[in-house]
């Protein structure tokens, strides 16, 4: 297990060391990158180190250069208006009041 974790750390270090020369954009579009990660299942058991190395090899063209320690991922979603927040707050409290009233009046 230690050898496998050391290998994973080695791949991570290689990635970090390549950041100054690595292009920011990926060499593959998202669909091609996804397809590259699906080489098919083997007929039998495979050495975990081989699995790790192949994963790195297949994923490499779709990996982007994001080396900032302040980057935590993209936020994907929609903006929430203040009206939506107010509406959900009111609905939540009406539900609480209704439940409390049922418990009190029984």
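The values are calculated or read from the model by the stated rules, or taken from the named source; none is laboratory data. Keep in mind it's a predicted model, so treat the numbers as computed, not measured. We place every Cβ from the backbone using ideal geometry, glycine too, and count neighbours over all the protein chains shown.
Assorted remarks:
- The combined condition, being at pLDDT 85 or above, surrounded by fewer than 10 Cβ atoms within 10 Å (Cβ to Cβ) and in a loop (DSSP other than H, G, I, E, B), is not fulfilled by residue 69.
- Scanning region 39-49 for residues that are touching a helix residue (DSSP H, G or I) at 6+ places or on another chain (Cβ under 8 Å) and either more than 17 Å from residue 11 (Cα to Cα) or assigned to a loop (DSSP other than H, G, I, E, B) (or both) turns up at least one hit.
- Selection of region 15-28 for residues being exposed (fewer than 12 other Cβ atoms within 10 Å of the Cβ), at pLDDT 85 or above and assigned to a loop (DSSP other than H, G, I, E, B) yields 20, 21.
- Matching option when the condition is in contact (Cβ under 8 Å) with a residue 40 or more places away in the chain and within 21 Å of the chain's Cα centre (by Cα), among 48, 61, 23, 30: 23
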